[in-house]
1. Taking interchain pairs and intrachain pairs at least six residues apart, which have beta carbon atoms under 7 angstrom, with the first residue in region A:804-824 and of a type in the set (S, T, N, Q) and the second assigned to a strand (DSSP E or B) and open to solvent by 70 Å² or more (accessible area, probe 1.4 Å)?
2. Taking the conditions exactly as written (within 16 Å of RNA strand B (Cβ to nearest atom) and farther than 24 Å from A:SER270 by Cβ), does A:ASP377 satisfy them or not?
3. Quick one: is A:ARG401 open to solvent by 50 Å² or more (accessible area, probe 1.4 Å), assigned by TED's automatic domain parsing to the domain that holds A:ASN157 and away from RNA strand B (no atom under 16 Å from the Cβ)?
4. Which pairs do you get when a residue that is among the basic types (Lys, Arg) and at pLDDT 95 or above, found in region A:537-550, comes within reach of a residue that is more than 16 Å from RNA strand B (Cβ to nearest atom) and assigned to a helix (DSSP H, G or I), reach meaning Cβ atoms under 6 angstrom, with the pair 6+ apart or on two chains?
5. Testing A:HIS49 on (1) at pLDDT 95 or above; (2) open to solvent by 10 Å² or more (accessible area, probe 1.4 Å), one condition comes back false. Which one is that?
6. With the condition kept exactly as written, say whether any residue in region A:432-442 is touching a residue at least 24 places away in the same chain (Cβ under 8 Å) and more than 30 Å from A:THR495 (Cα to Cα).
7. If I ask for residues that are over 12 Å from A:LEU115 (Cβ atoms) and surrounded by 11 or more Cβ atoms within 10 Å (Cβ to Cβ), which ones from region A:579-591 would you list?
8. Scanning for something away from RNA strand B (no atom under 14 Å from the Cβ), surrounded by fewer than 15 Cβ atoms within 10 Å (Cβ to Cβ) and at positive phi, does region A:278-290 turn up at least one residue?
Amino acid sequence: MKRPPFHPVVEQKWQDRWEREHAFRTPDLPDGPRYYCLEMLPYPSGRIHMGHVRNYSIGDVVARFHRRRGSAVMHPIGWDALGLPAENAALANEVHPAEWTKDNIAHMRRQLRRLGLSYDWDREFATCDPEYYRWNQWFFLRMRERGLVYRASRAVNWCPGCETVLANEQVEAGGCWRCESEVESRELPQWFFRITKYADELLDAMEGMTGWPRKVLLLQRNWIGKSEGAEVRFRIPALGDDGEIPVFTTRVDTIHGATALVLAPGHPASARIAEEDGEVRDYIARALAAASAAPGAPAGKTGVRAGVAAVNPFTGEDIPVFVADYVLMDYGTGAVMCVPAHDDRDHEFAVRYDIPIRQVVIPNDPASAAGDGAFTDYGTVVDSGDFSGLPTEEAKEAMARHAAEGGFGGPRTEWRFHDWGVSRQRYWGTPIPMVHCGDCGVVPVPDEDLPVELPRDVEITGKGGAALAKCDAWMRVDCPACGVRARRETDTMDTFVDSSWYFYRYLDPENAEAPFDPERARAWFPIDLYIGGVEHAILHLIYCRFWTRVMRDLGLCDHDEPVVRQLSQGMVIKDGAKMSKSKGNVVDPDAAIEEHGADAIRLYVLFEAPPEKEMDWTDARLQGPARFLKRLERVIPAAASWLPETPLPDEEDVFRGPDLGLRRKTHQTIRRVTHDLGERIHPNTAIAAIMELWNAVLARLPDAGSRSARRAVREAVETVLSLLNPMAPHLTEELWERLGRETPLLDFPWPECDEELAREETVLIVVQVNGKLRGRLQASRGLDRDELVALARENRGVARHLDGLTVSRVVTVPDRLVNFVARKPARG
RNA sequence: GCGGAAGUGGCGGAACUGGCAGACGCGCCGGAUUUAGGAUCCGGUGGGGUGACCCGUGGGGGUUCGAGUCCCCCCUUUCGCACCA
């Protein structure tokens, strides 16, 4: 007979209770130890997916664990509710983005509640709430006052069919995602945050970020891309005053091997040359067309020889000038010195265009000189005037100094990293709080007029330029400076702005005077653990580090880094592929919870793999954790006649044999689980340890008739429930209650390991002969070397393997191992 | 091309600083109970010999009394960046 499933009633019961009692409400200011456990806030796309389930289950384990350990735990959730998908949905279904977002949040909130997550729901907010985004605007104004905001022209993707700007993800194979028109590049004035001002600090601080995955730090380091080298200014005399061409190089030591100067097609000097040179003009037109047709695609490494020469300031020599597509305008100075002998790209170009190759660095190890490509390693400088004979390192320094002294260059640092372009030509974002006045120019909106709210009645067509520009009533505003009729800025902010500081707002979500109370930030920051997917390793996780520094400089907080420990959890995949509607391999969390219960789902995603690894969802495997929970359920009825009345062990009890063994296992498990959850954050091994203990309980249960056996079992059963509680909170609370406990586990202290009990009094000694396992023996703890060796020799297997050999050496590790190093005696 | 990470049973994965390889679970095999089972319980389960022996952590070398773990070379998979001067 199939029994009705246990989980729906039980899970509902506890969830109702937690909600009714605001069980997870967190004090605004902790008194005593605190723990801030944060998970990346979801975008309200409509439904949660398994990636969310995994992310939030891991976070919930950590939050519940620290709560049980006696910390005040900040564990909030909110909604990253602005952004493009809401506008797309508006286009597709004729729903207002605000309505769509609100409905999605309501549904997803219900889904999260069904998982039994320990969020303080009183702190929840959505970033589309004007009371949130007003502070984006406030920060924008403060940053502007500090010179961290500026406006500049930058190319955007422009669809001539829809007459609108497209986000990168709306460009598909060079065409518009809606009308398939060929996308063009168009220059528009945009707003920027001067994040590069903090580049050095963001980079240097990584040294101390020991709680972050190496991988994430590496990604950030590459993204920032600091490159130290030198600038050298070449001259093109034919261009007169415009002929000074700064070049950036990391290998100034090779400058005597520079046999050409190469300019990017977009370089101003290229344009100047083109005025007089039809061939160059044609080439530039072709190159720029190719680049805008396929933005970001690798160019063909073509070029054209210009009819002018440049002067190498180190040698005074004339070298030819080229315009070529392999030189990028947006890195360095848009011009390079071409050193074919010591740079692969220059070499390839030189071979094609017949540029001389002049070697000026020789390898220190002659063996590595072979090959007919460029020699790009460090070595010794030759044929370089006074610098000849210097090793690369010294030559770089000496030559940069020489350039500075000669007034034609000096040391220079370049960054891959650019300022943060925050303008979006979208509706569903934070309006940028600026006003364009015919008389005063661009004027900030005064603080008292914040928030600049999004107009509600807007038509979203996806066509015809910025949606906000069509809201005449909203656009019209009096200039804050002079009072004449002016118009509002129609750009909205990148949604990465919203997510750069939301975790501060959780501390003080109702604050109408300030983004948050600095005292609360001092009390709760930095965040102890921040969990999210690796896909945010660079943008989001750099932006929020930047934002925290800005807030620090504004006096809002007094730490540099917002996050102590970062956990990048692996993706949830199915059948070896990312879950997606198109592949039809999506597992619906609602259906899974319905069938197996939230506890089983949580346990499964936690058990299946360590958090940072990818996890392949396999329905069949869910049976393991689900069965384990069913075995737990059954034990109370099985021992109903005595288990609830049996007390825990006390000092008068004497335990021996299997009962002592069970108690020892109990305390060893406490130690291990505490370490796995607290230090390692590996719930998978914690669960395995708890299962082991449970197997030991089941083994002891059939003949647990004696007083000591029952007490040992009671202790073990309670411990299992207690340790498993952060992972499977509903069932463990229920069974705990049925055991007669009145204080819920939620408020019950985490168990303590009795080290005395956990320690084995006998230890297993492994005995090896020549490194191979030949015997094991049980010995009392703390035997000295001689006793250990004597015991080991007595071992049957060991004795047999030593027979006829001469022992030359014995290696021992106290309480662990004996290894005999033995050889056949030399004959005769 | 450059840079990173990872390769352990049929499968997911364990193994703290070098010291019992394969914990825990899935699957599979055998048995019990059952009208039935995609339920439950018991036992087994790296490979080979099937006697107390040999082989096994992608491949090859090395260091060490001892290597999944450390070093070198190679192979595979995977993720970043992709003319960054």
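1. What qualifies is A:THR806/A:ARG823; A:SER808/A:ARG823.
2. Working: within 16 Å of RNA strand B (Cβ to nearest atom): yes; farther than 24 Å from A:SER270 by Cβ: yes.
Taking the combined requirement at face value, the residue satisfies it.
3. Working: open to solvent by 50 Å² or more (accessible area, probe 1.4 Å): yes; assigned by TED's automatic domain parsing to the domain that holds A:ASN157: no; away from RNA strand B (no atom under 16 Å from the Cβ): yes.
No, not satisfied.
4. These pairs meet every condition: A:ARG545/A:LEU202; A:ARG549/A:TYR198.
5. Here A:HIS49 clears every test but (1).
6. Step one: filter region A:432-442 for residues touching a residue at least 24 places away in the same chain (Cβ under 8 Å), giving A:432-440, A:442.
This time we only want the ones that are more than 30 Å from A:THR495 (Cα to Cα), so: A:439.
Yes, because at least one residue in region A:432-442 is touching a residue at least 24 places away in the same chain (Cβ under 8 Å) and more than 30 Å from A:THR495 (Cα to Cα).
7. To start, the set of residues in region A:579-591 that are over 12 Å from A:LEU115 (Cβ atoms) comprises A:579-588, A:591.
Once the filter is applied, which keeps residues that are over 12 Å from A:LEU115 (Cβ atoms) and surrounded by 11 or more Cβ atoms within 10 Å (Cβ to Cβ), region A:579-591 yields A:MET579, A:SER580, A:LYS583, A:ASN585, A:VAL586, A:VAL587, A:ASP588.
8. Within region A:278-290, the first condition is being away from RNA strand B (no atom under 14 Å from the Cβ), and the residues that meet it are A:278-282, A:284-285, A:289.
Narrowing further to those that are surrounded by fewer than 15 Cβ atoms within 10 Å (Cβ to Cβ): A:278-279, A:282, A:285, A:289.
Next cut, at positive phi only: none.
Within region A:278-290 (the criterion being away from RNA strand B (no atom under 14 Å from the Cβ), surrounded by fewer than 15 Cβ atoms within 10 Å (Cβ to Cβ) and at positive phi), the answer is no, since none of the residues qualifies.
The values are calculated or read from the model by the stated rules, or taken from the named source; none is laboratory data. The structure presented is a predicted model; accordingly, all values stated were derived computationally and were not measured. Backbone-built Cβ (ideal geometry, glycine too); neighbour counts: all protein chains shown. To get the accessible areas, we keep the full protein, side chains included, count just its heavy atoms, and leave off ligands, DNA and RNA. Shrake-Rupley method; radii C 1.70, N 1.55, O 1.52, S 1.80 Å.
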